[in-house]
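Structure record follows, encoded as structure tokens.
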Amino acid sequence: MRPSFKKHLPRRRLWAGLVLAVLLGLTGCRSGRPGNTAVRPLRVAAAGNLAPLMPDLLAAFTAQTGLPAVPVIASSGKLAQQIIAGAPYDVFLAADAQYVDDLIRQGFIVPDSRRVYARGVLVLVVRQDAPAKVRGLGDLTIPAIRRIAVANPEHAPYGRAAQEALQHAGLWEAVHSRLVFGDTVRQAMQFVQSGNAPVGLVALSVAQGDRKVHIIPIPAGLYTPLLQTAGIVARSSRRKAARQFLAFLESPAAGAIFHRYGYGPPPADPRP
């Protein structure tokens, strides 16, 4: 239960605070360009691997278009469930194509809005103080490596990619009992950063720049390509702004941001 502060504030100060809150709320609805107001910012539901770059991406979008946008970060699977349940998102940025394609079939994503905007990269991260030398996937069977952090493959595409990589390397049965699952790939990386796991299989985007870990590439042939895919939520009342955002995703400015955070370019023919 929230404490009540009304008894401790003079009525005049209380009303002044309420008026200020209303004014701040109205200010928050304005877009970046003078004289141009929006009902609300564009709501962008983004997969966990995108968390590090979303501030740069949305700031560049607003600078280019004058339209404000706010992110909502969760695993692709959970965001898809929320969209089905009626969450008021405008754009869905999934970590792979499957969730967007499924939502299109169910009528929750506008079919002609499907865009593959980047190719994700799976890596193995190893703490500098790991209890054993790890040079690749094969070393994950070393007894001293007791915990391996991954995203939950049930609703996180990078977790599914990690499972595929371990299976194709013939290691899944040997290491399955050592896996610790993060709700998102970013949380899996946090397990490594905190020392709860000495190693992890995560997105390159969430590992870059961390000096506490070694980053070891995973052969791309070991997992299904992570074609990061976007679409406009069918219930959105901001479709025009949402299409501007999709157009921005395909711009050189957005491409430079994705490249800086470790993503590859989308394939030349991204059709399902």
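The values are calculated or read from the model by the stated rules, or taken from the named source; none is laboratory data. It should be emphasised that the depicted structure is a prediction, and the values quoted were computed from it without experimental measurement. So basically every Cβ, Gly included, is an ideal-geometry build from the backbone, and we count neighbours across all protein chains shown.
Side notes on the structure shown:
- Residue in the range 140-151 that is assigned to a helix (DSSP H, G or I) and surrounded by 24 or more Cβ atoms within 10 Å (Cβ to Cβ) present: no
- Answer residue from the range 204-231, given it is of a type in the set (V, I, T) and outside any helix (DSSP H, G or I) and is surrounded by the most Cβ atoms within 10 Å (Cβ to Cβ) among those: T229
- Out of A165, A188, one residue alone is hydrophobic (A, V, I, L, M, F, W, C), in contact with a helix residue (DSSP H, G or I) (Cβ under 7 Å, 6 or more places away or on another chain), on the phi < 0 side of the Ramachandran plot and touching a residue at least 12 places away in the same chain (Cβ under 8 Å). It is A165.
- Summed over the range 35-63, the residues that are farther than 17 Å from F92 by Cα and at pLDDT 95 or above give a count of 5.
- Of all positions in the range 182-199, at least one carries a residue that is among the aliphatic types (A, V, I, L, M), in a loop (DSSP other than H, G, I, E, B) and in contact with a Lys or Arg (Cβ under 9 Å, 6 or more places away or on another chain).
- Residue within the range 19-30 that is in contact with a Lys or Arg (Cβ under 9 Å, 6 or more places away or on another chain), modelled with pLDDT of 95 or more and either of a type in the set (S, T, N, Q) or farther than 20 Å from S251 by Cβ (or both) present: no
- For L57, the test of being under 24 Å from I216 (Cα atoms), in contact with a helix residue (DSSP H, G or I) (Cβ under 8 Å, 6 or more places away or on another chain) and crowded, with 18+ Cβ neighbours inside 10 Å is failed.
- Considered as a group, the residues in the range 142-175 that are basic (K, R) and within 27 Å of the chain's Cα centre (by Cα) include one that is nearest to P219 (Cα to Cα), and that residue is R160.
- Odd one out for S205 among (1) closer than 23 Å to L103 by Cα; (2) within 19 Å of the chain's Cα centre (by Cα); (3) not aromatic (F, W, Y): (1)
- Residue that is of a type in the set (A, V, I, L, M), in contact with a helix residue (DSSP H, G or I) (Cβ under 8 Å, 6 or more places away or on another chain) and within 25 Å of R119 (Cβ to Cβ), where the choices are A46, A97: A46
- Residue list for the range 62-103, filter: touching a residue at least 40 places away in the same chain (Cβ under 8 Å), outside any helix (DSSP H, G or I) and not aliphatic (A, V, I, L, M): S75, G86, P88, Y89, D90, F92, D96
- Within the range 232-270, restricting attention to residues that are among the aliphatic types (A, V, I, L, M) and in contact with a helix residue (DSSP H, G or I) (Cβ under 7 Å, 6 or more places away or on another chain), the residue that is surrounded by the fewest Cβ atoms within 10 Å (Cβ to Cβ) is A253.
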